[in-house]
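The values are calculated or read from the model by the stated rules, or taken from the named source; none is laboratory data. In this text the structure is predicted, and so the values were computed from the model without any measurement. As a convention, Cβ positions derive from the backbone with ideal geometry for all residues, glycine included, and neighbour counts pool all protein chains shown.
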Amino acid sequence: MSWIFGYGSLVWRPAFPAIAQRPAAIHGWTRRFWQGSADHRGTPEAPGRVVTLVEDPDGITWGMAYRVAAGERAAILAALDHREKDGYDRLELALDWGEGPSEDRALVYVAGPSNPHFLGPAPLDRIAEQVRASVGPSGANLEYVVRLAEALRAIGRPDPHVEAVAAAAQA
């Protein structure tokens, strides 16, 4: 498999070379700000909130798929494993290029509820407050939320949950 699917910061900051990139979706999953970030967008004392995917039989999550060269795959995955080290596991999921699930599959990083940094659902105002207050080595949590919202709008696929968190956090 030579595709990597990004639905969070990988949409706007992949930080790896790709030989192709294009908008894509995955079915059966919904994007939510339910993962804590103590290493990038917050600290252990004040974790930020970043997105993960939660299983949802009716869910469709749009993001960006990146095709990587076979010779660079191992180094790219090692860098992504480090970047996504706080609770994310690799899954292989079918991509949808806009016409329904295809034969193409992609590697996707998902942080499930059993990981120690999973925060789970919270009221929108509480998520927004945490986003506004959190800053980590990669920058402000608010920047992450706003840049993700902008990137999804740029590919013509705004996400209602991301838009709601961005609006509430900026209010």
- When the residues of region 147-171 are filtered to those that are buried (at least 18 other Cβ atoms within 10 Å of the Cβ) and β-branched (V, I, T), which remaining residue is nearest to T43 (Cα to Cα)? V165
- Item | Residue that is more than 15 Å from W34 (Cα to Cα) and in contact (Cβ under 8 Å) with a residue 12 or more places away in the chain, where the choices are E84, E99, E150 | E150
- Message: So in region 129-144, with the set limited to residues that are of a type in the set (S, T, Y) and crowded, with 21+ Cβ neighbours inside 10 Å, which one is farthest from the chain's Cα centre (by Cα)?
- Response: S134
- Which one is modelled with the highest pLDDT among residues in region 102-121 that are surrounded by fewer than 20 Cβ atoms within 10 Å (Cβ to Cβ) and of a type in the set (S, T, Y)? S114
- If a residue has to be β-branched (V, I, T), under 24 Å from P116 (Cα atoms) and assigned to a loop (DSSP other than H, G, I, E, B) to count, how many in region 28-83 make the cut? 1
- Message: For region 56-81, give me each residue that is without any contact (Cβ under 8 Å) to a residue 60 or more places away in the chain and farther than 24 Å from A38 by Cβ.
- Response: D56, P57, D58, G59, I60, G71, E72, A74, A75
